[in-house]
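Notes follow the structure.
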Amino acid sequence: MYSQGLIGADSSTTESEEFLAAFQARIDREEKIEPNDPMPEGYRRTLVRQIGQHAHSEIVGMLPEGNWITRAPTLRRKAALLAKVQDEGGHGLYLYSAAETLGVSRDQMTEELLAGKAKYSSIFNYPTLTWADIGTIGWLVDGAAIMNQIPLCRCSFGPYARAMIRVCKEESFHQRQGYEIVMTLAKGTPEQKRMAQDSLDRWWWPSLMMFGPSDSDSVHSEQSMTWKIKRFSNDDLRQKFIDATVPQAEYLGLKVPDPDLRFNEETGHYEHGEIDWDEFWRVVKGGGKMNRDRIADRKKAWDDGAWVREAALAHAEKRRARQEATLEAAE
Ligand code: FAQ
């Protein structure tokens with residue numbers, strides 16, 4: 001796996017101290033940076049990397065859930081899941097569009113994903129084994145995504161921040177539908193409750209890993225926070241998520257699979273056990289159960305969709321030629 005964000009980078013740029021200071025002053029004044037504004041190359045690259053990874057996560061994230069649309073237990077559940085998966089596709093499109101304003105094309109980003117060079121969230125390399133996983137993904141995965149994305153609504157780059165506002169509203173619906181599925185199971189038969197517990201057991205730790213490596217190992221956090229792309233560190237957001245989610249598990253009568261989890265009365269926060277960072281890096285580097293399948297599925301979808309892209313381009317070209325001919329005739 002390579003470090004991303006080099007697409008289209010112009011490594012020859014020389015940026016004066018004055019330019020960098022003036023840019024930082026804009027950031028510090030909380031001004032939004034727009035696509036045509038002058039910006040340091042590193043800022044642009046960081047955004048292309050993060051927004052690209054985020055877009056890929058949404059698109060790859062459709063797969064584990066899409067897998068259950070035909071097996072949803074009721075028509076109501078099927079309709080809600082279908083709408084959710086469609087929303088994730090929409091989020092991917094807003095995000096690819098936001099990244100495109102920085103001078104990379106969706107084709108370039110997709111090529112990097114399919115070549116195994118671009119990262120996407122580690123969480124989507126775990127399999128969805130039971131219907132309870134669909135509830136747990138909404139509850140935990142969308143829950144973690146919202147915790148991470150609410151601060152991104154205040155990201156210094158305008159198109160990303162604006163895309164996040166709508167995305168967060170939809171993620172909030174996703175989180176609730178997931179929690180409602182898990183609640184139904186947790187309050188159901190003993191077998192249903194066991195399914196919910198088993199699912200929480202499998203998804204809890206991978207959900208905590210969604211926030212990225214611990215602050216001491218996070219290579220980009222410091223610079224991204226100075227540029228106000230990120231507003232909180234990985235560990236701070238992870239802590240907020242744990243504090244919000246443990247009481248939800250307790251309400252459901254489910255047990256968080258962490259023997260070291262305890263509430264610290266003095267700090268008002270939950271303390272948690274050690275995260276298995278070896279597992280995290282193994283999955284990020286392609287060693288998760290589903291990495292290979294996810295990329296194969298995306299490649300098939302991209303290849304199968306080639307005719308649609310070609311037809312859309314041909315149609316646009318025909319319209320352009322027709323408009324030109326009409327204008328010429330009118331002159
Ligand atoms: N998985 O220095 P940091 C969703 C990489 S959307 C894989 O801390 P940064 C919706 C990182 O890229 C979920 N790789 O990096 C949904 C970097 O590698 P690089 C996605 C990870 O960027 C729900 C290296 O480790 N959300 O779920 C992960 O400052 C349900 C060092 O890390 C976003 O993308 C990981 N978990 O902080 C869809 C939100 N964590 O690039 C369907 C936007 C880290 O040097 C169903 N992104 N890495 O090669 C962010 O907020 C940040 O990029 C972080 C990482 C917080 C993810």
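The values are calculated or read from the model by the stated rules, or taken from the named source; none is laboratory data. Treat the numbers as computed from the prediction; the structure is a model and nothing was measured. Every residue, glycine among them, receives a Cβ derived from its backbone with ideal geometry; neighbour counts consider all protein chains shown. Ligands, DNA and RNA are stripped out before the accessible areas are found, and what is left, the full protein with its side chains, is counted by its heavy atoms. Shrake-Rupley method; radii C 1.70, N 1.55, O 1.52, S 1.80 Å.
Can you say whether GLN197 is within 13 Å of the ligand (Cβ to nearest atom) and not in a loop (DSSP other than H, G, I, E, B), as far as the supplied structure shows? The answer is no for GLN197. Count of the range 55-75 residues, restricted to those that are touching a residue at least 60 places away in the same chain (Cβ under 8 Å) and either open to solvent by 20 Å² or more (accessible area, probe 1.4 Å) or of a type in the set (Lys, Arg) (or both), is 4.
Within the range 262-281, being open to solvent by 40 Å² or more (accessible area, probe 1.4 Å) and either more than 16 Å from the ligand (Cβ to nearest atom) or touching an Asp or Glu at 6+ places or on another chain (Cβ under 9 Å) (or both) holds for ARG262, PHE263, GLU265, GLU266, THR267, HIS269, GLU271, HIS272, GLU274, TRP277. On the basis of being touching a Phe, Trp or Tyr at 6+ places or on another chain (Cβ under 7 Å) and not in a helix (DSSP H, G or I), does ILE229 make the cut? Yes: the conditions hold for ILE229. Checked against the criteria, GLY103 counts as of a type outside the set (D, E, K, R), modelled with pLDDT of 95 or more, out of contact with any Leu (no Cβ under 6 Å at 6 or more places or on another chain) and outside any helix (DSSP H, G or I).
Pairs meeting the criteria (first residue in the range 252-263 and within 26 Å of THR189 (Cα to Cα), second residue assigned to a strand (DSSP E or B) and open to solvent by less than 40 Å² (accessible area, probe 1.4 Å), beta carbons under 8 Å, at least 6 apart or on different chains) are lacking. Of a type in the set (Val, Ile, Thr), in a helix (DSSP H, G or I) and within 14 Å of the ligand (Cβ to nearest atom): does that describe VAL167? The answer is yes for VAL167. When LYS117 is tested against (1) crowded, with 19+ Cβ neighbours inside 10 Å; (2) of a type in the set (D, E, K, R); (3) farther than 22 Å from ALA186 by Cβ, exactly one condition is not met: (1). The number of residues in the range 147-172 that are in contact (Cβ under 8 Å) with a residue 12 or more places away in the chain, farther than 30 Å from PRO38 by Cα and open to solvent by 10 Å² or more (accessible area, probe 1.4 Å) comes to 3. The set of residues from the range 233-244 being open to solvent by less than 40 Å² (accessible area, probe 1.4 Å) and either without any contact (Cβ under 8 Å) to a residue 24 or more places away in the chain or within 15 Å of the ligand (Cβ to nearest atom) (or both) comprises SER233, ASN234, LEU237, ARG238, PHE241. Taking the criterion of being away from the ligand (no atom under 12 Å from the Cβ), touching a residue at least 60 places away in the same chain (Cβ under 8 Å), of a type outside the set (Val, Ile, Thr) and not in a helix (DSSP H, G or I), the residues of the range 109-139 that qualify are GLY116, PRO127, LEU129. Name the single residue that is most open to solvent (accessible area, probe 1.4 Å) among those in the range 34-51 being more than 9 Å from the ligand (Cβ to nearest atom) and part of a helix (DSSP H, G or I). Selected residue: ARG45.
One residue alone among SER224, SER207 is open to solvent by less than 20 Å² (accessible area, probe 1.4 Å) and farther than 24 Å from ASN125 by Cα, and that residue is SER224.
Scanning the range 173-194 for residues that are within 27 Å of the chain's Cα centre (by Cα) and open to solvent by less than 60 Å² (accessible area, probe 1.4 Å) turns up HIS174, GLN175, GLN177, GLY178, TYR179, ILE181, VAL182, MET183, LEU185.
As a summary of the residue check, VAL219 satisfies the conditions (1) assigned to a loop (DSSP other than H, G, I, E, B); (2) more than 12 Å from the ligand (Cβ to nearest atom) except for the one numbered (2). Among residues of the range 76-100 that are more than 29 Å from ARG45 (Cβ to Cβ), those with a Cβ under 7 angstrom from a residue that is of a type in the set (Phe, Trp, Tyr) and open to solvent by 20 Å² or more (accessible area, probe 1.4 Å), sequence gap 6+ or separate chain, pair up as LEU81/TRP68.
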